[in-house]
Each structure stands twice: as structure tokens, then as C-alpha cells.
Amino acid sequence: MEARVVIKKPILSEKNTALSESQNKYCFRVDRNATKIEIARAVEQLFKVKVTSVNTSFVRGKKKRVRFREGKTPDWKKAIVTLARGNSIDYT
């Protein structure tokens with residue numbers, strides 16, 4: 001898969017920012033069918049960094065209600081990527 005197809009967008013939150021500053025780990029929303037190896041290669045290619053490990057998890061969608069109809073937000077996959085010492089990602 002192409003790198004831009006694998007990585008959809010970074011997850012920017014207060015918790016993830018603290019994680020990146022303290023442990024050099026970055027969170028991304030990724031394609032549901034992407035493997036850990038594909039995710040690592042995509043991050044290395046897009047951001048020119050060295051990846052040491054990748055942890056993935058599936059996030060279940062939440063139940064939502066609009067007026068009288070019930071629905072659900074889509075399920076998605078999250079990847080937490082650990083970078084080698086001295087590497088960092090600047091989103092700007």
C-alpha cells in the first residue's frame with residue numbers, strides 16, 4: 001500500500017502530545033487493513049524518521065442518537081509508533 005493510504009491522519013490530543021514528549025511515541029489513525037510493517041514503512045517514508053516499534057489497536061465506534069434514530073460512528077484502527085532516540089515528528 002502507498003504511504004498516504006496507510007496513514008490517514010495524526011491523532012492530536014493532550015494525552016498523545018504528552019506521550020510524544022515523554023516517551024517519543026506518536027499516534028496515527030491508520031487504514032484498517034494495514035499491518036505493523038506497512039505502518040512502520042509509511043511513517044519512515046513520510047516523516048524521514050527511524051521507527052523502532054508499532055503497537056496497534058481497533059477502536060470501536062460509539063453509539064450516537066439523532067432525534068429518534070440510533071446510529072453508530074465507524075470503527076477505526078489506531079497505531080502508536082515509537083521512534084528511535086533523537087528522532088521526532090513536527091506536524092507543522
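The values are calculated or read from the model by the stated rules, or taken from the named source; none is laboratory data. Just so you know, these numbers come straight off a predicted model, no measurement behind them. Here the Cβ positions follow ideal geometry from the backbone for every residue, glycine too, while neighbour counts run over all protein chains shown.
Looking only at the range 60-87, residues that are over 20 Å from Thr17 (Cβ atoms) and free of Cβ contacts under 8 Å to residues at least 24 places away in the same chain come to 15 in all. All conditions but one from (1) more than 22 Å from Tyr91 (Cα to Cα); (2) charged (D, E, K, R); (3) crowded, with 17+ Cβ neighbours inside 10 Å apply to Lys63; the one that does not is (3). Among the residues making up the range 67-78, those that are part of a strand (DSSP E or B) and either closer than 24 Å to Lys36 by Cα or among the small types (Gly, Ala, Ser) (or both) are Gly71, Trp76, Lys77, Lys78.
Among the residues of the range 37-59, those identified as farther than 13 Å from Leu83 by Cβ and either in contact (Cβ under 8 Å) with a residue 40 or more places away in the chain or surrounded by fewer than 12 Cβ atoms within 10 Å (Cβ to Cβ) (or both) are Ile37, Ala42, Gln45, Ser57, Phe58.
So, Ala34, is that one within 14 Å of Ala79 (Cβ to Cβ), crowded, with 18+ Cβ neighbours inside 10 Å and either over 12 Å from the mean Cα position of the chain (by Cα) or small (Gly, Ala, Ser) (or both) or not? Criteria met by Ala34.
When the range 1-31 is filtered for residues that are among the β-branched types (Val, Ile, Thr) and closer than 10 Å to Ala79 by Cα, the ones remaining, listed by number, are Ile7, Ile11, Val30. Once the range 66-78 is narrowed to residues that are more than 21 Å from Leu12 (Cβ to Cβ) and not basic (Lys, Arg), the residue that is surrounded by the fewest Cβ atoms within 10 Å (Cβ to Cβ) is Phe68.
Can you find even one residue in the range 23-31 that is at positive phi, polar (S, T, N, Q) and in contact with a strand residue (DSSP E or B) (Cβ under 9 Å, 6 or more places away or on another chain)? Yes: one or more hits.
Taking the condition at pLDDT 95 or above, surrounded by 17 or more Cβ atoms within 10 Å (Cβ to Cβ), among the β-branched types (Val, Ile, Thr) and assigned to a strand (DSSP E or B), does Val81 pass? So that I can check it myself, show each step before the final result.
On the way: at pLDDT 95 or above: yes; surrounded by 17 or more Cβ atoms within 10 Å (Cβ to Cβ): yes; among the β-branched types (Val, Ile, Thr): yes; assigned to a strand (DSSP E or B): yes.
When the stated conditions are applied, Val81 passes them.
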